[in-house]
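A.B. asks: This is the structure I have questions about; it appears just below.
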Amino acid sequence: MSDHVSNVVSQWARRRPELDLTGMAVFGRIYRLARLADRMRSAALERHDLQLGDVDVMAALWRHDGGLRPLDLRASMLIGSGTLTARLDRLESAGLLERRPDPDDRRGRLLYLTPDGERLLPGVVEELLQIENDLLAPLPATVRDRLAGDLGRLLASTEGQEGAGAAGQ
């Protein structure tokens, strides 16, 4: 069975046989799968008038019962302040998020899901998980488990390299 990335890698191999195209084969597939999955997940979220980034914010807040400071949320999501502010404003306007005074910082705010946000999120996450699991269904369970573990090791290694590089700057 051939996929789009196989065709691209084959074309490169014909033109530049001396190149190691492993990275292209792996990351090309990861990128393409992520884009296809995001399209499917985005379509499902349209029914709830949500975007993928909105669910990321809501899920982070849901996992932290005590509320989060915007700076802590932004750092965990690896996004800029403008992007976060737009998401927060959109969720607040929809009645899914609220900003409360931070008792430890008179100028600061803590972010919380509203009761509507708390009710909505679990069902939305279940829908997204179903889409992702359906995409993985062609693979046997042992392969899915191995793939998750292998990608986890790769991600941890890459995050460690990025952190080491940032610390040295």
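A.B. asks: Could you figure out which of (1) out of contact with any strand residue (DSSP E or B) (no Cβ under 9 Å at 6 or more places or on another chain); (2) under 19 Å from Leu128 (Cβ atoms); (3) not small (Gly, Ala, Ser) isn't true of Arg16?
C.D. replies: (2)
A.B. asks: Within the range 117-136, which residues are closer than 18 Å to Leu68 by Cβ and among the acidic types (Asp, Glu)?
C.D. replies: Passing the criteria: only Glu118.
A.B. asks: Could you list, in sequence order, the residues of the range 57-77 that are assigned to a loop (DSSP other than H, G, I, E, B) and modelled with pLDDT under 90?
C.D. replies: Of everything in the range 57-77, those that are assigned to a loop (DSSP other than H, G, I, E, B) and modelled with pLDDT under 90 turn out to be His64, Asp65, Gly66, Gly67.
A.B. asks: Within the range 3-58, can you find the residues that are of a type in the set (Asp, Glu) and closer than 23 Å to Leu155 by Cβ?
C.D. replies: Asp3, Asp20, Asp38, Asp56
A.B. asks: With respect to Leu19, is the statement that it is touching a Leu at 6+ places or on another chain (Cβ under 9 Å), modelled with pLDDT of 95 or more, outside the structural domain of Glu126 (by TED's automatic domain parsing) and surrounded by 11 or more Cβ atoms within 10 Å (Cβ to Cβ) true?
C.D. replies: Spelling it out, it is not the case that Leu19 is touching a Leu at 6+ places or on another chain (Cβ under 9 Å), modelled with pLDDT of 95 or more, outside the structural domain of Glu126 (by TED's automatic domain parsing) and surrounded by 11 or more Cβ atoms within 10 Å (Cβ to Cβ).
A.B. asks: Tell me which residues, restricted to the range 48-61, are hydrophobic (A, V, I, L, M, F, W, C) and touching a residue at least 60 places away in the same chain (Cβ under 8 Å). Give the derivation first.
C.D. replies: Step one: filter the range 48-61 for residues hydrophobic (A, V, I, L, M, F, W, C), giving 50, 52, 55, 57-61.
Leu50, Val55, Met58, Ala59, listed by residue number.
A.B. asks: Further, regarding this structure: Does at least one position in the range 78-91 carry a residue that is within 23 Å of Leu136 (Cα to Cα), in a helix (DSSP H, G or I) and either touching a residue at least 60 places away in the same chain (Cβ under 8 Å) or among the β-branched types (Val, Ile, Thr) (or both)?
C.D. replies: There is no residue in the range 78-91 that is within 23 Å of Leu136 (Cα to Cα), in a helix (DSSP H, G or I) and either touching a residue at least 60 places away in the same chain (Cβ under 8 Å) or among the β-branched types (Val, Ile, Thr) (or both).
Every residue, every condition in (1) of a type outside the set (Asp, Glu); (2) not in a helix (DSSP H, G or I), yes or no:
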| site | (1), (2) |
| --- | --- |
| Arg100 | yes, yes |
| Tyr112 | yes, yes |
| Pro122 | yes, no |
| Leu128 | yes, no |
| Glu132 | no, no |
| Leu147 | yes, no |
| Thr158 | yes, no |
| Glu162 | no, no |
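The values are calculated or read from the model by the stated rules, or taken from the named source; none is laboratory data. Everything quoted here is computed from the prediction, not taken from an experiment. All Cβ positions, glycine included, derive from the backbone under ideal geometry; neighbour counts span all protein chains shown.
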